[in-house]
Amino acid sequence: MKFRKRLIIFIVILQSILFLTHLVLYDTWVFSSTGHSAGPLWLKLLLGCLSITFVPASLLAFRYTNAFVRAFYRIAAVWVGLGSFLFFGAILCWIVYGVAITAGLNVNFHKMVEWLFGIAALAGILAVVNASWTRITRATVRVANLPETWRGRKAALISDLHLGPVRNGGFLRRMIAKLLREEAHAIFIAGDLYDGTAIDAARAAEPLSQLTAPHGVYFVAGNHEQFRDDSEYLRAISAAGVRVLNNEKVEVDGLQIVGVPYRHARRRNSLASALRNVDLDRDRASILLTHAPDHPDIAASAGFSLQLSGHTHLGQFIPWSWIARKIYGQFVYGLSRIGKMQVFTSSGAGTWGPPLRLGSNPEIVVLQFE
């Protein structure tokens, strides 16, 4: 009951924000410094309808997975992303106009709006294109006490594919093809393979049966698998031949690999408890696979050599990328260090919500051990 109440409050707040955002777009477009601000009715109706697409599309996507819902969600999600770029363009218009008025300068407000809205729309389109172009990011990781057999070997890290209404089996098959071309010795999937929306989990995971590596393919659950009961997702992934790690350790040629799912890693105490129970040998090299880089100090204190995570998406696009940097600091993206432990946080291969990326790139990470 409490969850439903919180959900309703969240939906009301989100819809109110979207409505006000579109109101700002309309008022900015029709405003005139000469006092004639009446805009066309069709524009008001269009923006009003667009403002109430994303919330219903999201609610439908959590319950249904037919072609209409997927198409509706994609259109709504792309528009939310483009609309956010237009919104910040509108805010910039008002800032420039306010400064100009204060300085006694005469500016053509509507011409400025046309230019800034055009730039914002172009940026949004580029962000859509960029989100569909997955790169290979390469990094060398020097791990203390690395077994001789692992020196020079490669491991691949992929996270946050978010299979659902926007990306599906075709996208997963393309990612698998990229991974296989890298010929990594081990492959790590750091959660959020699924978006958490309605999906045939088993069918979506089928392409994973083609994903192989000499020393195994490993998965830990992310927050999107654990919105609700994650058992359906985990069964589908296991059935496809991927080793699901649930607060456990495996050893491969002397390298310790530990996986802790998001539910047990999001709080400091539960993560510390999970790591105490895996019986880690602190004198040998080890990897912690966990979805989010929330508490790397806990993993460092437990004696891990390397942590592999995703989750942050590097904010996907500005200004959310700035917020992500504020939250996660040095661990928001890439290779960093805390104490003796290194952390690699991937920006992820897919997207959540608006399928846009600007200021972050979708990626597969290939790590070479030294």
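The values are calculated or read from the model by the stated rules, or taken from the named source; none is laboratory data. What you are looking at is a predicted structure, and each value in this text was computed from that prediction instead of being measured. Using ideal geometry, Cβ is built from the backbone for each residue, glycine included, and neighbour counts are taken over all protein chains shown.
Points to keep in mind about this one:
- Of all residues in segment 319-343 being hydrophobic (A, V, I, L, M, F, W, C) and in contact with a strand residue (DSSP E or B) (Cβ under 6 Å, 6 or more places away or on another chain), the one that is surrounded by the fewest Cβ atoms within 10 Å (Cβ to Cβ): 335
- Selection within segment 186-203 - surrounded by fewer than 24 Cβ atoms within 10 Å (Cβ to Cβ) and among the aliphatic types (A, V, I, L, M): 186, 198, 199, 201, 202
- Among (1) outside any loop (DSSP other than H, G, I, E, B); (2) within 28 Å of residue 167 (Cβ to Cβ); (3) within 27 Å of the chain's Cα centre (by Cα), the one test that residue 49 misses: (3)
- Tally, over segment 156-181, of residues that are touching a helix residue (DSSP H, G or I) at 6+ places or on another chain (Cβ under 7 Å) and of a type in the set (Lys, Arg): 1
- Where strands (runs of 3 or more DSSP E) fall entirely within segment 206-322, those with at least 1 residues that are under 22 Å from the mean Cα position of the chain (by Cα) and at pLDDT 95 or above are at 217-219, 255-260, 286-290, 306-309.
- When residues in segment 276-290 are screened for being touching a residue at least 24 places away in the same chain (Cβ under 8 Å) and over 11 Å from residue 307 (Cβ atoms), 9 of them pass.
- Every residue from segment 175-199 that is within 24 Å of residue 131 (Cα to Cα) and acidic (Asp, Glu): 182, 192, 195
- Residues in segment 223-267 that are of a type in the set (Val, Ile, Thr), crowded, with 22+ Cβ neighbours inside 10 Å and in contact with a Ser or Thr (Cβ under 8 Å, 6 or more places away or on another chain): 257, 258, 260.
- Filtering segment 337-365 to residues that are outside any loop (DSSP other than H, G, I, E, B) and touching a residue at least 24 places away in the same chain (Cβ under 8 Å) leaves 338, 341, 342, 343, 344, 345, 358, 363, 364, 365.
- Comparison of 238, 231, 209 shows that the only residue that is touching a residue at least 24 places away in the same chain (Cβ under 8 Å) and of a type in the set (Gly, Ala, Ser) is 209.
- When segment 168-194 is filtered for residues that are within 18 Å of residue 238 (Cα to Cα) and either touching a Pro at 6+ places or on another chain (Cβ under 7 Å) or among the polar types (S, T, N, Q) (or both), the ones remaining, listed by number, are 169, 172, 173, 176.
- Any hit, segment 84-107, residues being touching a residue at least 24 places away in the same chain (Cβ under 8 Å) and touching a Pro at 6+ places or on another chain (Cβ under 8 Å): yes
- Flag if residue 215 is touching a His at 6+ places or on another chain (Cβ under 8 Å), closer than 17 Å to residue 363 by Cα and of a type outside the set (Lys, Arg): no
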